[in-house]
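This report refers to the structure that appears directly beneath it.
The values are calculated or read from the model by the stated rules, or taken from the named source; none is laboratory data. Every value quoted in this text rests on a predicted model; they were computed, and no experiment measured them. Note that each Cβ is placed from the backbone with ideal geometry, even for glycine, and that neighbours are counted across all protein chains shown. Quick note on the areas: whole protein, heavy atoms, side chains included, nothing else; ligands and nucleic acids left out. Shrake-Rupley method; radii C 1.70, N 1.55, O 1.52, S 1.80 Å.
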Amino acid sequence: MSWLLPRFVLAALAIGIGALVGLWSSELLQFRLLGEILGASTAVGALVLLDVVRGHRLMLWLRGAQLDTAPRDTGLWGELGYRIERAVRERDKIIERERGQSGQFLSAIEASPNGVLMLDRQDQIHWCNRAAADHFSLDPQRDLLQRITNLVRSPSFVAFLQAGQFDSPVLLSNVRGVGALSVIVRRYGDGMKLVLSQDITERERADAMRRDFVANVSHEIRTPLTVLLGFIETMISLPLTEAERRRVLTLMDQQAQRMQGLVSDLLTLAQLEGSPRPAPDRWVSLDQLLARVSSDSTALSGGRHRIHVQTQTQVDLAGVESELLSAVANLMTNAVRYTPEKGDIDLAWRVLADGSGELLVSDTGMGIAREHLPRLTERFYRVDGSRSRETGGTGLGLSIVKHVVQRHGGELQIQSEPGKGSKFKLLFPAVRVRASGHPALPVDAPLSVAASGWR
Ligand code: ADP
C-alpha cells in the first residue's frame, strides 16, 4: 500500500491549498465559506482529472497488444500499471512455455511412423498426423471437421467405428489400393476417439513368405518321405528277390539323399542369414578352391561334358572358404545338370581395371527364358521342376549363391538364352581381391569365355 499514504497526503494538500486559495479569494468575494468550498473542489477536481488522464493511459495500454511497457506514472497508477504489466508478462511466459511444449508434443506425434487421428463424437476429424493422412488418404487441412466415415470408404473400417467395440484392433487391407493396416481406437475426453493406425504391409508380407516357406519345405520333404514309406512297406509286406531288394534299396537311397540335400541346403541358408558378414582379412586361395570345384564337377559330369576350369588365377579372395566353395560349386553343379551331353562348361576368372574381380561360369546348355531370370534366386523357384528334382535339385542353389556373394560385398548377375546357354557371374569388390604372394595383379586379363552384353 505504498501508494495510499502519498495519496492521502496529496488529497489533504489539495484540500488545504484549495481552502487557502478559497480563504484568500473569499476576502475578495466577501463570502468566505463559498470561497473555501470552491477552492477545495477545484483542487480535488484537478486531482480527479489527473486520475482520469492516467487511468485512460493505462486503459489504452491494456486495450492494445501490451508490447511496450505500461505507462510509468507515480503513485497508484504507476504501481497499478507496473503490477498489471508483470502479470501480463508472466501470463505470456506461461502461454509461450505451454505452446512450446504442445508444439514439441505435436511434432513428436507428427514424426511417428504410426498414424494418429483425433475424432469427435460425430466422428469428425479434429487433427491427424501425416502418417494417418497417408494411411487413410486424407488431406490434413482440407478434411478437418469432415466425417471420417465419408472419407474412408473401407466398409470394415466404417462398420468397426459404428459398432463401437474397440477392444481389439481391426485389420484393413487395400485401404489405399495396396498394403495392410492395423487400426486401434481408444475413447478419451468427452466422447472423443483416438484412432491409431500402423502399416503392417511388410509384416504381412514377411508372414506370407514364412508361411510359403514352411509349406514349400513340408512339400519338398513329404514327397521323398512318402516314397520312402512306400518302399519300406513293400519290403515289410512282400517277399523280394535279392535283385528286387537291391533295386528298392537303391531307390530308397536316392530319396534319402534328396532329403539330406534339402536339409543341408536349408541349414546352409539359415547359417548364411544368421551369421555376421565374413571378415575382409581372411584370405582364401582361389586356385585351391577352383581345383576342388574342377575335380568335383568333372566327377559329376562323368565325362559327358567338355569342362574347362581356369585354375591358375594366382588370386586370393577375402571371405569364408566354405561359403565361397558352396557358391561356385552350386553354379558348376547347375551347369552340369542343365547342360546336355557334349556341351561346354567353362569357369573363368579375371581382375578388372578397378581391382575388383569376376568369376564367370558359362555353359552351352538348355538356357532359361527371360521371364524367369528375375525370380531365379527366390527360394524353391524352379524353371523346370521335374528336371530339377530328377537331377537332385532342391530349388535353393541360386538362393545360396546370391546370399554368399552379397555377404562378400559382391553381386550375382545372370544372363541366359533358351537353347543357347547361360552365364552366371560372381562379382567381388576390390577390397576382397589380392594377388596370392605376388604384389602385382594382371589387370584385365582376357577371359576364356566371352562375356559381352551383361546387364
Ligand atoms: P535347383 O536345385 O532347382 O537347380 P537352383 O536355385 O540352383 O535350384 O536353380 C533354380 C532354377 O534355375 C533351376 O530349377 C533351373 O531351372 C534354373 N537353372 C539354374 N542354373 C541353370 C543353368 N545353368 N542352365 C539352365 N537352367 C538353370
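How many of the residues in region 381-409 are more than 8 Å from the ligand (Cβ to nearest atom), open to solvent by 20 Å² or more (accessible area, probe 1.4 Å) and within 26 Å of Gly319 (Cβ to Cβ)?
5
Tell me whether region 227-245 contains one or more residues that are within 29 Å of Asn330 (Cβ to Cβ) and acidic (Asp, Glu).
Checking region 227-245: not a single residue is within 29 Å of Asn330 (Cβ to Cβ) and acidic (Asp, Glu).
Taking the condition of being of a type in the set (Gly, Ala, Ser), within 28 Å of Arg306 (Cα to Cα) and assigned to a helix (DSSP H, G or I), how many residues in region 240-295 meet it?
Of the residues in that region, 4 qualify.
In region 137-150, which residues are surrounded by 14 or more Cβ atoms within 10 Å (Cβ to Cβ) and either in a helix (DSSP H, G or I) or in contact with a helix residue (DSSP H, G or I) (Cβ under 7 Å, 6 or more places away or on another chain) (or both)?
Correct list: Leu138, Pro140, Asp143, Ile148, Thr149.
Looking at region 336-362, which of its residues are within 9 Å of the ligand (Cβ to nearest atom) and in contact with a His (Cβ under 8 Å, 6 or more places away or on another chain)?
Of everything in region 336-362, those that are within 9 Å of the ligand (Cβ to nearest atom) and in contact with a His (Cβ under 8 Å, 6 or more places away or on another chain) turn out to be Val336, Thr339, Ile345.
Checking the condition out of contact with any Gly (no Cβ under 9 Å at 6 or more places or on another chain), free of Cβ contacts under 8 Å to residues at least 24 places away in the same chain, more than 12 Å from the ligand (Cβ to nearest atom) and in a helix (DSSP H, G or I), which residue from Glu323, Glu371 passes?
None of the others qualify; the one that does is Glu371.
Looking at Glu90, Glu85, which is the one that is part of a helix (DSSP H, G or I), open to solvent by 90 Å² or more (accessible area, probe 1.4 Å) and more than 30 Å from Asp199 (Cβ to Cβ)?
Glu90
Out of all the residues in region 168-183, which are open to solvent by 60 Å² or more (accessible area, probe 1.4 Å) and modelled with pLDDT of 90 or more?
Ser168, Pro169, Leu171
Output yes when any residue across region 410-418 is open to solvent by less than 20 Å² (accessible area, probe 1.4 Å), of a type outside the set (Gly, Ala, Ser) and not in a strand (DSSP E or B), and no when none is.
Within region 410-418 (the criterion being open to solvent by less than 20 Å² (accessible area, probe 1.4 Å), of a type outside the set (Gly, Ala, Ser) and not in a strand (DSSP E or B)), the answer is no, since none of the residues qualifies.
Do the conditions hold for Ala329, that is, is it touching a residue at least 40 places away in the same chain (Cβ under 8 Å), out of contact with any strand residue (DSSP E or B) (no Cβ under 7 Å at 6 or more places or on another chain) and open to solvent by 30 Å² or more (accessible area, probe 1.4 Å)?
no
Out of (1) at pLDDT below 95; (2) surrounded by fewer than 16 Cβ atoms within 10 Å (Cβ to Cβ), what's the single condition that is false for Leu272?
(2)
Just one of the numbered conditions (1) assigned to a helix (DSSP H, G or I); (2) surrounded by 10 or more Cβ atoms within 10 Å (Cβ to Cβ); (3) without any contact (Cβ under 8 Å) to a residue 60 or more places away in the chain is not true of Asn216; which one?
Condition not satisfied by Asn216: (3).
Identify the single condition in (1) on the phi > 0 side of the Ramachandran plot; (2) open to solvent by less than 40 Å² (accessible area, probe 1.4 Å) that Gln314 does not satisfy, given that it satisfies every other one.
So the condition that Gln314 fails would be (2).
Working only within region 137-193, note down all residues that are under 24 Å from Asp207 (Cβ atoms) and basic (Lys, Arg).
Arg176
Could you check how many residues of region 346-372 are more than 25 Å from Ser301 (Cβ to Cβ) and either under 36 Å from the mean Cα position of the chain (by Cα) or open to solvent by less than 20 Å² (accessible area, probe 1.4 Å) (or both)?
Result for region 346-372: 8.
Looking at (1) touching a residue at least 12 places away in the same chain (Cβ under 8 Å); (2) open to solvent by less than 80 Å² (accessible area, probe 1.4 Å), can you tell me which one Gly189 breaks?
All conditions are met except number (1).
Out of the residues in region 63-79 meeting the condition of being surrounded by 13 or more Cβ atoms within 10 Å (Cβ to Cβ) and among the hydrophobic types (A, V, I, L, M, F, W, C), tell me which one is farthest from Gly16 (Cα to Cα).
The qualifying residue farthest from Gly16 (Cα to Cα) is Ala70.
Can you name the number of the only condition in (1) within 27 Å of the chain's Cα centre (by Cα); (2) touching a residue at least 60 places away in the same chain (Cβ under 8 Å); (3) loosely packed, with under 14 Cβ neighbours inside 10 Å that His126 fails?
Going through the list (1) within 27 Å of the chain's Cα centre (by Cα); (2) touching a residue at least 60 places away in the same chain (Cβ under 8 Å); (3) loosely packed, with under 14 Cβ neighbours inside 10 Å, His126 breaks only (1).
Kindly indicate which of Glu378, Glu417 is of a type in the set (Asp, Glu), in contact with a Lys or Arg (Cβ under 9 Å, 6 or more places away or on another chain) and within 11 Å of the ligand (Cβ to nearest atom).
Exactly one of Glu378, Glu417 is of a type in the set (Asp, Glu), in contact with a Lys or Arg (Cβ under 9 Å, 6 or more places away or on another chain) and within 11 Å of the ligand (Cβ to nearest atom), namely Glu417.
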